Each structure stands twice: as C-alpha cells, then as structure tokens.
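Report on one structure; see the data block that follows.
The values are calculated or read from the model by the stated rules, or taken from the named source; none is laboratory data. Treat the numbers as computed from the prediction; the structure is a model and nothing was measured. When we count neighbours, we look across all protein chains shown, and the Cβ atoms used for this are built from the backbone with ideal geometry, even at glycine.
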C-alpha cells in the first residue's frame, strides 16, 4: 500500500481550477484560505497544490530552484511561442533577459514609450467619441495594448489589423491551439525579413533595439528575438488588455471611486491603477510544477506536483490588506506581486503601468461623466476569459455626459 501524501484528500470537489469560470471565485479562495494557507484542488484533471496567502505565493515566486518556471512553460507555451524567456533558467535566462529587458526598464519607458501612448489613446477615442456611447472593451481595451506593441516594434500601420488577429490567436492558444500555431508561423514569416532590415539599418523602434542591444559582446540571435516578439503579444499586450478592462470595470461599478478619481486625476490615477491590479489582477492563477519531492514551508510536496500560485488570493490576503474585498483607490499600496516576483517576474511591468495610467487619464479627460449603462452590469463583471486564470470583463457599454 502506498504511503499517504499531501494530495490524497482534495479540499474542494467538483471544481477544476484550470478551466472553469467560477462566478464566486474570490469567495471560494477566501473560504479555502480561512482553513489553511494552501488547498489541494483539481487542476486540468490532476491534483494540485493551490497557494493562497501573500506570504506563500511571494516565497514560491522567489524560490525558482524549487518551482522552476521553465518546467511548466516548456510544456505549455513552448510549442507555440518557441524558447522564450519563460522557458529558460539559470545563466541562459539571466543572459537573455539582460539583453532583452533594457528597453522595458523604467527610465527607458519614459524616454521612448511615453511619446507613443497618449497620441494612440486619442486616436482610438476619436473613432467613437462622436457616437455618444461605446463598448470600451471592444473599441478600446482590446485594441490599445496591441497597437502600442505594434507601434513600438515599428510595424507598418497598414498591417495592424493582421497583427491584432495574430495577438488574439496567440493569446487563446489553450482554447484554440491550431489557430495559435498558424498565427505563430505567419507572424514569424512576416517579421523575419524585418529583423534583417533593422540589423542593416536600425532605427528608434523596439526591433532595432533588440537586434542591436549587446552585453559583454553578446547579442540576441534571430530565434531569440523572434521568441521574445511572439511572447510580447500574449504576455505584454493581452494581459495589459485584461488589466485595463478590469480597471475600468472596477471604477464603473464603484461610482464613488470613479468620482474620487475624477476629482483629481493627477493625484489619484496612479493609485487607481495599483488598486485595480490588487483587486482584480489580469493573471489570477499561475501554474508551476514541483519537479522533485521537497519539504517546503511545512508542506511535504511529492515530485511532479502541479503548483498553482493564486495571485488573486494573495492580493486579498487580510493579513496584508485591510478590508481586502473593498475596491479603494485611496489605499495607497503598490502591488508588484501582480507582475510576479523573482527571476521570472514580468519584464514589462513599467511599460504596462505607463500604458494603463495614460489610457485611464485620456479616457476620463475625453469622456467626462463616464458611466455604465443600466443594463450593462452583467457584462461588466470580471469573469474568466482563458481558463480560470486570465480574467476580465466581456463588455463595458458606457455613455458619457460631456
């Protein structure tokens, strides 16, 4: 008879935390966390350990040797995105990230990204402002981050609709793998000659920076650049799309907080973004795996155990956040955990913050008195978009009084 293990008895039955849309997700996570700081749950049909407290989730992110990102990403995103930073570890990861990350550092974002952000936000709003109503998901949130990446890469404006389709299909790889693989091939064929062109005649765009960036005499080769560019759309543009939708959903369904924000945009906009990232992070559950049996923070974890880092539970941990279920833009707490921690934390976090803050300010300046239509509250609720992990509203049907 096999010895009993941590995974023998699930804490919740009838819920698969990989695939299901759980309308009461936060209540479920809070109920599980009130019992103990982790739970044994079903994830893609297997038993997994779901980490539920801020302390455990932060510790797990920082413990790359025990829960290596590469072990899971090689199986999940690797087939469609290639050998990205997510699939690397150790020295290889440090060197590749050192070459790819500089354009996304905080000072570089301010230098060359900010001039793109505000004009693009105005450009999108110009398309619908005269109608007096809009769906901010379809007409703004799904387009803005993808177009930001496209403009940063210096891709032709005439190709932006095609790039948007590729970004969409790459993002939905778990639900439609054939479309994602096709998008990966088409994008690779499209951008490969552009790499050669930018190596010969570099400009101020992101592709030029990636193909000319060096560290200690090393450069990224074409496949490393291509993998990084493929990763940019689902990991950069699409998660920012969800974060923007979640921010607008939170504000539109909390009119008192929207009124406070509108009373002084310069004072409150940054904090509204941080609070929205805490209240409803776009990536709520992040899968990893524990390759070797280990004793970790009091847990006896068997080898090959799926591990789920519940970022959304950690960011509503009452041990860290007072009244965590309240959306309060005066909270004044940054939430870097929304971008992960440790070696594989999001390299584009400051780009995302700049995009979100700029978009929010321009929307509220251009659409004064913004409000959610009375019959639109159900669609405005944050729900699962790709499995349980990636969450955002389906629609934000709004009007404005200006």
Worksheet item: If you scan the range 62-79, which residues turn out to be surrounded by fewer than 24 Cβ atoms within 10 Å (Cβ to Cβ), within 13 Å of residue 296 (Cα to Cα) and in contact with a strand residue (DSSP E or B) (Cβ under 7 Å, 6 or more places away or on another chain)?
Response: 66
Worksheet entry | helices (runs of 4 or more DSSP H) completely within the range 290-402 that count 3 or more residues being within 30 Å of residue 167 (Cα to Cα) and more than 20 Å from the chain's Cα centre (by Cα) | 349-366, 377-380
Worksheet item: Is there a residue being more than 19 Å from residue 229 (Cα to Cα) and out of contact with any helix residue (DSSP H, G or I) (no Cβ under 6 Å at 6 or more places or on another chain) anywhere in the range 137-146?
Response: yes
Item to complete: Look at residue 281 and say whether it is farther than 21 Å from residue 398 by Cα, buried (at least 19 other Cβ atoms within 10 Å of the Cβ) and touching a strand residue (DSSP E or B) at 6+ places or on another chain (Cβ under 6 Å).
Response: no
Worksheet item: Does the range 208-249 hold any residues that are surrounded by fewer than 24 Cβ atoms within 10 Å (Cβ to Cβ), more than 15 Å from residue 191 (Cα to Cα) and touching a strand residue (DSSP E or B) at 6+ places or on another chain (Cβ under 8 Å), and which are they?
Response: 212, 213, 239, 246
Discussion item. If a residue counts only when it is touching a residue at least 12 places away in the same chain (Cβ under 8 Å) and within 24 Å of residue 401 (Cα to Cα), which helices (runs of 4 or more DSSP H) contained entirely in the range 166-279 have at least 1 such residues?
Written reply: 239-252, 255-263, 265-279
Fill in: From 43, 140, residue being surrounded by 15 or more Cβ atoms within 10 Å (Cβ to Cβ) and over 30 Å from residue 374 (Cβ atoms)
43
Discussion item. Give me the helices (runs of 4 or more DSSP H) completely within the range 1-118, filtered to those with at least 2 residues that are modelled with pLDDT under 85, ordered by residue number.
Written reply: 69-73, 78-81, 90-100
Worksheet item: Of the residues that make up the range 122-141, is at least one in contact (Cβ under 8 Å) with a residue 24 or more places away in the chain, within 25 Å of residue 345 (Cα to Cα), under 18 Å from the mean Cα position of the chain (by Cα) and part of a helix (DSSP H, G or I)?
Response: yes
Practice prompt. Tell me which of these residue 111 doesn't satisfy, since it passes every other one: (1) without any contact (Cβ under 8 Å) to a residue 24 or more places away in the chain; (2) in contact with a helix residue (DSSP H, G or I) (Cβ under 7 Å, 6 or more places away or on another chain).
Written response: (2)
Response to the item:
Considering the range 164-188, residues that are in contact with a helix residue (DSSP H, G or I) (Cβ under 9 Å, 6 or more places away or on another chain) and over 20 Å from residue 390 (Cβ atoms), and then whichever is surrounded by the most Cβ atoms within 10 Å (Cβ to Cβ), we arrive at 187
